[in-house]
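Participant: Would you mind keeping the following structure in view while I ask a few things?
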Amino acid sequence: MSIETIEAVYEALARAVEEVGEERAPIYLAEVCLTLANELDDADRATRIVEECIPRGPDGAES
């Protein structure tokens, strides 16, 4: 995907998170991730992506 396409997806996700509200955002994001994992149809790759998205500090530790 191009940078512009990625930014469009990010903006759509940000708008949706704002729409569902802070309280429901974690459940909404989990549902989005599971739906995308299903579309990806590769559990190992989906699991790696989930792990790669964990915020890490400068020393590599989870933040």
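No lab work stands behind these numbers, since they all come straight from the coordinates. Everything quoted here is computed from the prediction, not taken from an experiment. Note: ideal-geometry Cβ built from the backbone for every residue, glycine included; neighbour counts use all protein chains shown.
Participant: Output the DSSP H helices from the chain with an along-axis C-alpha extent of no less than 15 Å and a mean Kyte-Doolittle hydropathy no less than 0.5.
Facilitator: 25-40
Participant: Work out, step by step, the length gained on full extension between A14 and E39: first 0.36 nm times the residue separation, then minus their alpha carbon distance; give nm to one decimal.
Facilitator: Value of the extension gain: 6.9 nm.
Participant: If you don't mind, there's one more thing I want to ask. Would you list the P(r) distribution for the chain, with all Cα-Cα distances sorted into 5 Å bins from 0 and each bin expressed as a whole %?
Facilitator: Per 5 Å bin, starting at zero, the Cα-Cα P(r) for the chain comes out as 4, 15, 16, 22, 25, 16, 3 percent.
Participant: For the chain, what is the calculated [θ] at 222 nm in deg cm²/dmol (nearest 500), taking -39500 (n - 2.57) for each run of four or more DSSP H residues and dividing by its residue count?
Facilitator: Per the formula, -23000 deg cm²/dmol.
Participant: Under a point-charge model restricted to the Cβ atoms of Lys and Arg (+1) and Asp and Glu (-1), what is the dipole moment magnitude of the chain relative to its Cα centre, in debye to the nearest 20?
Facilitator: So the magnitude is around 60 debye.
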